[in-house]
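Chemist: Before anything else, here's the structure in question.
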Amino acid sequence: MIDIQELRDRVEDNITKTDKTIIVPHNGVDCDAIASSIGLSLIARKLKKESSIVMNDSSSSIDSSVKDIIEKGKKDFNIINLSKYSNIASKNDGFILSDVNKDYRVSVKEYLTDPDKIVIIDHHDPDKNTVKSNNKFIDTSYSSASEIVTMLLKAFKIKVTPEIANYLYGGIYLDTGQIQRNIGKGTFDALSILMNEYGANPDEVNAMFADTIENLKIVHKLLEKVECLKWKIAIVAADEDDEYVQPQIAKAADSALRTDCDASFVIGRLDSGEVSISGRAKNSINIGEIMGQLGGGGGPTSGAAQFKDTSISDVKNELIRVLRPSYSIVKQCDNK
Ligand SMILES: [Mn+2]
């Protein structure tokens, strides 16, 4: 477990000894990354220091629930893109990475040069691409970065508004597949703090994630193509000509896991032409490892990879090739 008091001291130190604090969620920002980043902005504010959240995603890669949080968040917090940051960057900026530790998953990679001025708060496995930092707080036993930041906000005795409490609750809700998987020892403590001390409302969080009928239809169309391979692995390979946005592929993978399958993988083409794969698992398969072998990344229960200049069927074959050493996938389920 992370020593929250030590994390508190290092965060305070990093914020107070630098000119301004740059808070960095992962590329392809999700609810956990933005909620925990906004929580960290509250800490800088309490310490009376300037902070900015820097992200550089294209609008189509962001889920609508996250877009809403960003739009509302912009009224209260500095949420800026990389080119804006490059105009205000200074040598003595401090960085806090939230929900990410790999250099290829952040927009500000080239600025991350001083390990003393970087704090990492994350729940994804570190690897050789982990940003060099002397203040690493990475622990995969936490459900989410939002869970860690909730405990940190409490340690700072910060009064969190119900709206931001909802975002943090949403971050936990998302990363646990609606409180179904990846739940850590302290997850319910964090949810309890968010609800009972800060006023988060689970009904409002559910509404935040409510899908449109249009989107639901698209996800269902994807799911119609599900194959259940031996060892209870669900795979969806979309039609080569159909285009999707990343959140639809991720949602289909979430839905396919809400079955008796142990893992789910959904492969579809994005409007950029790239082929994208999202994977989800309960606990018998490490998705991050599999996605790593495919050139992507992720944590034990969720991950993704993208491929240029390839076909959906090639990606599916490559996935099966990577899965085969641990799972002999030869025969489809009887009901197919
Ligand atoms: Mn996360």
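Chemist: Kindly establish whether ILE69 is within 16 Å of the ligand (Cβ to nearest atom), surrounded by 14 or more Cβ atoms within 10 Å (Cβ to Cβ) and closer than 20 Å to ASP122 by Cα.
Modeler: Details: within 16 Å of the ligand (Cβ to nearest atom): yes; surrounded by 14 or more Cβ atoms within 10 Å (Cβ to Cβ): yes; closer than 20 Å to ASP122 by Cα: no.
Judged against the criteria, ILE69 is not a match.
Chemist: May I ask you to say which residue of SER41, SER64, SER52, SER58 is closer than 16 Å to SER146 by Cβ, more than 16 Å from the ligand (Cβ to nearest atom) and polar (S, T, N, Q)?
Modeler: It is SER41.
Chemist: Looking only at residues in segment 278-298 that are among the β-branched types (Val, Ile, Thr) and under 22 Å from GLN178 (Cβ atoms), which one is nearest to the ligand (Cβ to nearest atom)?
Modeler: ILE287
Chemist: Pick from segment 200-212 the residues that are crowded, with 17+ Cβ neighbours inside 10 Å and modelled with pLDDT of 95 or more: which of them is farthest from GLY177 (Cα to Cα)?
Modeler: In this case the residue turns out to be ALA200.
Chemist: Anything in segment 65-84 that is among the small types (Gly, Ala, Ser) and over 17 Å from LYS109 (Cα atoms)? List them, or say none. Give the steps one after another, and end with the answer.
Modeler: Taking segment 65-84 first, the residues among the small types (Gly, Ala, Ser) are 65, 73, 83.
Matches in segment 65-84: SER65, GLY73.
Chemist: Kindly provide the set of residues from segment 39-79 that are of a type in the set (Asp, Glu) and either closer than 20 Å to TYR173 by Cα or modelled with pLDDT under 95 (or both), ordered by number.
Modeler: ASP57, ASP63, ASP68
Chemist: Let me ask something else. Which one is farthest from the ligand (Cβ to nearest atom), of the residues in segment 299-322 that are surrounded by 20 or more Cβ atoms within 10 Å (Cβ to Cβ) and among the polar types (S, T, N, Q)?
Modeler: THR301
Chemist: Mind checking which residues of segment 140-172 are within 12 Å of the ligand (Cβ to nearest atom) and not polar (S, T, N, Q)? Can you show your working first?
Modeler: As a first pass, look at segment 140-172 and keep what is within 12 Å of the ligand (Cβ to nearest atom): 140, 142-149, 168, 170-172.
Listed by number, the residues that qualify are TYR142, ALA145, GLU147, ILE148, VAL149, LEU168, GLY170, GLY171, ILE172.
Chemist: Return only the number of the condition from (1) over 22 Å from ARG105 (Cα atoms); (2) of a type outside the set (Asp, Glu); (3) surrounded by fewer than 16 Cβ atoms within 10 Å (Cβ to Cβ) that ALA165 does not satisfy.
Modeler: Among (1) over 22 Å from ARG105 (Cα atoms); (2) of a type outside the set (Asp, Glu); (3) surrounded by fewer than 16 Cβ atoms within 10 Å (Cβ to Cβ), the lone unmet condition for ALA165 is (3).
Chemist: Regarding GLU227, is this residue at pLDDT 95 or above and either more than 25 Å from LEU270 (Cα to Cα) or in contact with a Lys or Arg (Cβ under 9 Å, 6 or more places away or on another chain) (or both)?
Modeler: no
Chemist: So which residues in segment 90-127 are in a helix (DSSP H, G or I), more than 14 Å from the ligand (Cβ to nearest atom) and either basic (Lys, Arg) or over 19 Å from GLY295 (Cβ atoms) (or both)?
Modeler: Result: LYS109, GLU110, TYR111, PRO115, ASP116, LYS117.
Chemist: Counting residues that are closer than 22 Å to ASP68 by Cβ and within 16 Å of the ligand (Cβ to nearest atom), which helices (runs of 4 or more DSSP H) fully inside segment 173-230 reach at least 1? Give the steps one after another, and end with the answer.
Modeler: On the way: elements: 187-192, 202-208, 213-223.
Qualifying helices (runs of 4 or more DSSP H): 187-192, 202-208.
Chemist: Being at pLDDT 95 or above, acidic (Asp, Glu) and within 16 Å of the ligand (Cβ to nearest atom) is the filter here; which residues of segment 1-38 pass it?
Modeler: Across segment 1-38, the qualifying residue is only ASP32.
The values are calculated or read from the model by the stated rules, or taken from the named source; none is laboratory data. These numbers come from a predicted model, not from an experiment. Neighbour counts run over all protein chains shown; Cβ positions are idealised from the backbone, glycine included.
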